[in-house]
Each structure stands twice: as C-alpha cells, then as structure tokens.
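Structure first, then comments.
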Amino acid sequence: MSGEILARYSAAVVDNAVAMFIAVVAAKQLPDEQMVPQMILAVTAYLGFFFIFERLFSATPGKLFTGLRVRSSDGTKCSTKQVALRTITRILEVNPLLLGAIPAAILIIWTADRRRLGDRFAGTNVDFR
C-alpha cells in the first residue's frame, strides 16, 4: 500500500500546484482593487480544475501521471454528482490554504480503505488503473 500512498501524494502535489497556478492566473485577470471577486474567481478556478478533469477523464493530470483514476465504488465511471461531492469536500479537507490537506492525508494513511472524506461522501475510490 505504500506505493499507492506515494502515488496519491505525488498526484496531489502536481494537481495542487497546477490548480493554484490556474487560480492565481484567473484571479489576476481582475484588477487588484477587486479583491473579493478575485478570491471568488480563484476558488472557482481551483475547484473547477478538479471537477472538470475528474468528470471528463476520471483523473486529474497528477492522477494520470501517477497511474491513478477515480471510480465509483462499483467500478464504473463517476457521475457528475459524485465528482461534485468530491470537489466540494476539497474546501475543507484538501484546501492548501486552510489545513494543507492534513485531514485527507490522515484518512488516506490511517484507514484500511484509503479513502478521504470526499470519497466516502461520494461513494468513490481512487485506485491504480
């Protein structure tokens, strides 16, 4: 299981770096005086990165790079609702500015099924292809 944990960590690092870059670029499209709209746009872009990639490809670029995919617990492709639930829970458990992904990491490392809160709510799994 340590290979899976390393793959998930590596995917998370890549994905968060890319998502944060996209969020900053999006926010900077607005004038600096519009801080609240900048923040809203940044959060939307950050979360949108995960939602769009997981919905279209069942994986983010980091997951694709490390050979991971997101699937429904029955092995089928995730529904829009499942991807939305995974994405929304990122606000609390994977937020790089809030808790630095500590809640997600704890669940992935110390639970037998290696599922973060978003996976539990959505009925999804992240596994090797």
Query raised in the report: Restricting segment 66-107 to residues that are assigned to a loop (DSSP other than H, G, I, E, B) and at pLDDT 85 or above, which is least open to solvent (accessible area, probe 1.4 Å)?
Result: C78
Query raised in the report: In the set R90, R116, which member is touching a helix residue (DSSP H, G or I) at 6+ places or on another chain (Cβ under 8 Å) and closer than 22 Å to S2 by Cα?
Result: R116
Report task. Filter segment 56-79 down to residues that are in contact with a Phe, Trp or Tyr (Cβ under 8 Å, 6 or more places away or on another chain) and under 11 Å from G123 (Cβ atoms), then give me how many there are. Result -> 0
Query - Condition met for R115 (surrounded by 14 or more Cβ atoms within 10 Å (Cβ to Cβ) and within 13 Å of D15 (Cβ to Cβ)) - result: no
Query raised in the report: Of all residues in segment 82-129, which are at positive phi and touching a residue at least 40 places away in the same chain (Cβ under 8 Å)?
Result: A101, R114, G123
Requested in this report: Determine if segment 35-53 includes at least one residue that is closer than 17 Å to L6 by Cα and without any contact (Cβ under 8 Å) to a residue 60 or more places away in the chain.
Outcome: no
Report summary line: Checked against (1) part of a helix (DSSP H, G or I); (2) at pLDDT 95 or above, P31 satisfies every condition except (1)
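The values are calculated or read from the model by the stated rules, or taken from the named source; none is laboratory data. For clarity, every value in this text was computed on a predicted model and none was experimentally measured. Every residue, glycine among them, receives a Cβ derived from its backbone with ideal geometry; neighbour counts consider all protein chains shown. Side chains are part of the model used for accessible areas, which takes the heavy atoms of the whole protein and leaves out ligands, DNA and RNA. Shrake-Rupley method; radii C 1.70, N 1.55, O 1.52, S 1.80 Å.
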